[in-house]
Amino acid sequence: MADQKLLPGDVHWYDLPDEAADAPDDAANLPGGAADVPEERPRRRLPGRWLRRAATNSTAILLLLAAWEALPRLGVLDPVFVPPLSEDLVAWYDLLVTGRLPEHLGASVARSLAGFGLAIVLAIPLGLLIGWYRPVADFLTPLLELFRNTSAVALLPVFTLILGIGETTKVTFALYACAWPILLNTISGVKTVEPLLIKSARSMGLGPAGLFQKVILPAAVPTIFTGVRLAGAHSILVLLFAEMVGAKAGLGYLILDTQSSFRIPDMYAGIITISALGVLFNLLLVGVERRFSTWRTT
Amino acid sequence: MTKISIRDVSKTFQVRDDPEPFTALAGTDLDVREGEFLTLVGPSGCGKSTLLDLIAGLTAPTSGEIRIDGTPVTGPGLDRGVVFQQYALFPWRTAQANVEFGLEAKGVPRKERARRAREHLALVGLAGFGERYPHELSGGMRQRVAIARSLAFDPDVLLMDEPFAALDAQTRESLQEELLRVWEHTGKTVVFITHGIDEAVYLGERVAVMTSRPGRVKEVVDVRFDTREGDLRAHPAFGEYRHHVWSLLREEVAAAQVQEREVATSHG
Ligand SMILES: Nc1ncnc2c1ncn2[C@@H]1O[C@H](COP(=O)(O)OP(=O)(O)O)[C@@H](O)[C@H]1O
Ligand SMILES: [Mg+2]
C-alpha cells in the first residue's frame with residue numbers, strides 16, 4: 001500500500017513530546033461516561049437558506065438564458081445561427097406536440113437505459129470477482145487502465161464494422177462505455193476495504209464467504225455507486241455520438257439531421273432536451289448514490 | 001487455572017526486497033491465568049500486536065505453540081474477542097447492528113441478538129444510542145460500542161490492543177474504570193496491551209514487560225493493592241510499581257532506539 005496513513009497507534013509515547021502524547025481527541029467528554037457528548041447530528045436546512053442557495057445556484061443559468069434571448073435580438077449574434085431562446089422553445093413545443101420529440105427522446109432513452117442497465121448487470125459482478133481475487137486484479141489492472149483511457153468514441157468504427165449500424169451497435173456501444181467506470185470503481189471498492197475491518201471480522205470467525213457478504217460488499221457499495229453515476233453520464237454522452245454516425249431516430253440523429261436541413265431552432269430544441277435529460281439523470285443518480293452512502297460522512 | 005499458554009513462540013515476517021526474514025518475536029513464553037487481568041507493555045515495535053494476533057488466531061506462529069484451555073489455537077474463534085485501538089466498527093452499521101455482528105456469526109436468532117446487543121450497550125453505558133451510526137458517536141463512545149460488541153458474543157478471553165490510546169485522558173480514565181467494572185462483573189480473562197505505564201499498573205493484576213525487538217516477555221510484575229478505594233494512582237505502592245515497570249522498560253526502550261538507529265544507517 002503506497003499511501004499508508006499513520007494511525008495514532010503507530011505513534012508511541014516515547015516518540016512524542018508530553019502534550020502530544022495526551023492530545024485530547026474528544027475533549028467534550030467528561031469523566032463518568034454518562035456525560036459523553038455525541039457529535040451533533042446534521043441539521044435540516046432551513047427553507048430560507050434553501051431558497052437563497054437555489055437563487056445563487058441558478059443565477060448563472062438565468063444569465064445565460066437571458067443572453068441567449070437578448071444577444072440575437074440585439075444583433076450581436078447572428079439570429080440565423082443562434083435564434084433567440086424563445087424561438088427555440090416554440091420549436092421545442094412544436095416538436096413535442098407533433099410527437100416527433102417524444103419519439104426521438106424515447107429512442108435515445110431506451111438505448112442508453114439498455115446499455116446502462118446491461119453494464120450494471122455485467123460489470124458489478126465482474127468487478128467484484130476481479131477485486132476479490134487480488135492476483136487477478138493485479139494481472140488485469142494494466143489492461144483495464146489501457147481500455148479505460150481509450151475513448152469509446154475511438155472504437156465506434158470497430159463496433160460498426162463488427163455489429164453493423166443497427167440497434168445492437170448502439171446499445172453495445174453504450175454498454176461498453178458504461179461498463180468501465182462501473183467495473184473500475186467496483187474493483188477499487190473491493191480492493192480498498194479498510195484492512196482493519198477485515199481483520200476485525202476475521203477475529204469473529206468469519207470465513208471468506210461471510211467476509212465477502214458482510215464486510216467487502218457493504219463497504220464497497222458507495223464506491224460502486226460512484227461508478228454507476230459516472231456511467232449514467234457516459235451512457236447519454238456516447239450514445240448521442242453513435243446516433244450522429246448512423247441512425248434514423250434518437251436525439252443525436254435529430255440534432256444532426258435538423259442541422260444539415262437547416263432547421264436551426266429544431267436543432268437547439270434537441271440540444272436543450274439533451275441537456276435537460278443529462279441533468280435530470282445525473283440528479284437522480286446523485287440522489288440514489290447519496291442514499292447508499294450516508295454512513296460515509298467521516 | 002492456566003487459560004492461555006504461550007510456549008517458546010516465535011514469529012518472523014518475510015519482508016519484500018529483503019532475503020533475511022524479519023524477526024518480530026523470538027522465544028516468547030507467557031501464561032495467562034483464568035479470569036485474570038493481564039496488561040502487556042513493551043517498547044514500540046517489540047511485537048505486542050503480533051503476539052495478540054497470534055493469540056487471536058489471526059496469524060500462525062513461525063514456531064512454538066499457543067494453547068487455550070490446553071487446546072492449540074488453529075484460527076480465530078468466538079471464544080476470544082478482540083478490541084482494536086481504532087475501534088474497527090463497521091461504519092455502515094448502527095451501534096446496535098455492530099454489536100449484533102458477532103452474534104450473527106455465532107448464529108444467534110434475530111430476537112435474541114437484538115436483546116443481547118441492547119443489554120451489552122447498556123452495560124457499557126450506551127443505552128439509547130443503539131440507532132446511532134459510528135460517525136455520529138465520539139471516540140470514547142465508539143470504543144464502548146467496540147467493547148460491547150466483543151462482550152456480546154460472550155468470549156472467555158478479551159484481547160485488547162491499546163484500546164484507549166487514541167482517547168483523551170479523561171475519557172480514558174472513565175473507560176478504564178468501566179472496563180474494570182465489566183471485568184469484575186463478567187469474570188473474563190483479559191489481555192490488555194498498552195504503552196502507558198500508569199494504565200498498565202492501574203488495570204493489571206499482573207504486568208508483563210516485553211523486551212525490545214525481537215520481543216520476549218522480560219518479566220511479569222505482580223501488582224497487588226490492599227485496597228482499591230480512593231485515588232489508587234496516589235497510593236505510594238502505585239508509585240513503586242510504576243517505577244519498577246518504568247525501569248524495566250527504560251533499558252528496553254534504549255535498546256530499541258539503538259537498534260532503530262542501526263537499521264536506519266544500514267539502509268542508507
Ligand atoms: N505483517 C507484517 N509484515 C512485516 N513486518 C511486520 C508485520 N507486522 C508487524 N511487523 C513488524 O514487526 C514488529 C512488531 O510489530 P508489532 O507487533 O505491531 O509491534 P508493537 O505492537 O509492539 O508496537 C514491527 O517492527 C513491525 O514493523
Ligand atoms: Mg501495536
Step by step: find N for region B:87-154, compute 2.2 N^0.38 Å, then divide the Cα radius of gyration by it. What's the final number? 0.95
Partner shielding of B:100-109, taken as the mean number of other chain Cβ atoms within 10 Å, equals 3
Which whole number gives the average, over all residues in B:146-155, of C-beta atoms from other chains lying within 10 Å of the residue C-beta? 1
Please compute the volume of the convex hull spanned by the alpha-carbon atoms of region A:105-292 and report it per residue in Å³. 113 Å³
Partner shielding of B:132-141, taken as the mean number of other chain Cβ atoms within 10 Å, equals 6
Would you compute, from DSSP H runs of 4+ residues alone, the mean residue ellipticity of the protein assembly as shown at 222 nm, taking -39500 (n - 2.57) per run and dividing by the full residue count, rounded to the nearest 500? -18500 deg cm²/dmol
Neighbour-count ranking [beta-carbon atoms within 10 angstrom, fewest first] of B:Tyr87, A:Tyr93: A:Tyr93, B:Tyr87
Rank these for me by crowding, A:Leu95, A:Leu230, going from fewest to most other beta carbons within 10 Å. A:Leu230, A:Leu95
Mind checking which lysines have their Cα closer than 30 Å to the Cα of B:Lys218? Skip sequence neighbours fewer than 8 apart in that chain. A:Lys199, B:Lys3, B:Lys11, B:Lys48, B:Lys188
Among A:139-152, B:202-215, how do they line up by average Cβ neighbours within 10 Å per residue, starting with the highest? B:202-215, A:139-152
Restricting attention to region B:130-201, which GluC sites (Glu not before Pro) occupy a DSSP loop and are surrounded by at most 15 other Cβ atoms within 10 Å? B:Glu131
Decide, for the protein assembly as shown, between rounded, prolate and oblate: order the square roots of the alpha carbon gyration tensor eigenvalues as a ≥ b ≥ c, take rounded if a/c falls under 1.5, and otherwise choose prolate if a/b is larger than b/c, else oblate. prolate
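All of the numbers you see were taken from the coordinates with simple rules; none came from a lab. Since the structure is predicted, the reported quantities are computational estimates derived from the model, not experimental observations. Every residue, glycine as well, gets a Cβ built from its backbone with ideal geometry; the counts of neighbours run over all protein chains shown.
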